[in-house]
1. What residue, of 40, 10, 85, 48, is among the β-branched types (Val, Ile, Thr) and over 25 Å from residue 133 (Cβ atoms)?
2. Among the residues of the range 125-137, are any farther than 26 Å from residue 13 by Cβ and hydroxyl-bearing (Ser, Thr, Tyr)?
3. Suppose we filter the range 60-94 for residues that are assigned to a loop (DSSP other than H, G, I, E, B) and either at negative phi or of a type in the set (Val, Ile, Thr) (or both); how many remain?
4. Which one of 48, 6, 85 is more than 30 Å from residue 137 (Cβ to Cβ), surrounded by 17 or more Cβ atoms within 10 Å (Cβ to Cβ) and not small (Gly, Ala, Ser)?
5. So in the range 27-37, with the set limited to residues that are touching a residue at least 40 places away in the same chain (Cβ under 8 Å) and open to solvent by less than 50 Å² (accessible area, probe 1.4 Å), which one is farthest from residue 131 (Cα to Cα)?
6. Working only within the range 59-81, note down all residues that are farther than 12 Å from residue 5 by Cβ and open to solvent by 20 Å² or more (accessible area, probe 1.4 Å).
7. Restricting attention to the range 100-123, which residues are basic (Lys, Arg), more than 16 Å from the chain's Cα centre (by Cα) and assigned to a helix (DSSP H, G or I)?
8. Looking at the range 103-125, which of its residues are touching a Gly at 6+ places or on another chain (Cβ under 8 Å) and open to solvent by less than 40 Å² (accessible area, probe 1.4 Å)?
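The values are calculated or read from the model by the stated rules, or taken from the named source; none is laboratory data. The structure presented is a predicted model; accordingly, all values stated were derived computationally and were not measured. Please note: Cβ atoms are built from the backbone with ideal geometry, for glycine as well, and neighbour counts cover all protein chains shown. For accessibility, only protein heavy atoms count, side chains too; no ligands or nucleic acids. Shrake-Rupley method; radii C 1.70, N 1.55, O 1.52, S 1.80 Å.
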Amino acid sequence: MANLNVNGQVRQIDAAPDTPLLWVLREHLKLTGTKYGCGVAACGACTVHLDGEPIRACITPLSQAEGKRVTTIEGLPGGENNRLVQAWIAEQAPQCGYCQSGQIMQAAGLLAKTPKPTREQIVEHMDGNLCRCGSYAQIVAAVERAAGGR
């Protein structure tokens, strides 16, 4: 039995230590905002925060998350009123929407450390989070808006 702090709540998880965090979140805790994309940390659809750092939940074992804070898209402060989520909507960044929770979590990690990033910093930080719809320009605009630059 593992204790996991997810979105500010300590939860007991009955799963093998090598179970990917993504499956713990989705299957055990029913937090389905985090998506399965590639399963090899290449697309970023499964991005969550571990002690405030964006990580790929598909390759992170449960044992690595124990004793740390896990934040999913459901745990973003303000929920749907979060400034990043609102900027995402205003800039019409979501297309099919599948990758968007991972994109937003990756962006939230940037804004937590760099509240006023340059366009180049945004592009560099978001590199590696893939969007099959190609809405990269809208994603960058949303991050800029959330940072107060638009």
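1. Step by step, each of 40, 10, 85, 48 is checked, and only 10 is among the β-branched types (Val, Ile, Thr) and over 25 Å from residue 133 (Cβ atoms).
2. Yes, the range 125-137 contains at least one residue that is farther than 26 Å from residue 13 by Cβ and hydroxyl-bearing (Ser, Thr, Tyr).
3. Qualifying residue count for the region: 10.
4. Checking each option against the conditions leaves just 6.
5. Ranking the candidates gives 31 first.
6. Those that are farther than 12 Å from residue 5 by Cβ and open to solvent by 20 Å² or more (accessible area, probe 1.4 Å): 59, 61, 63, 64, 73, 74, 77, 78, 79, 80, 81.
7. 119
8. 103, 106, 109
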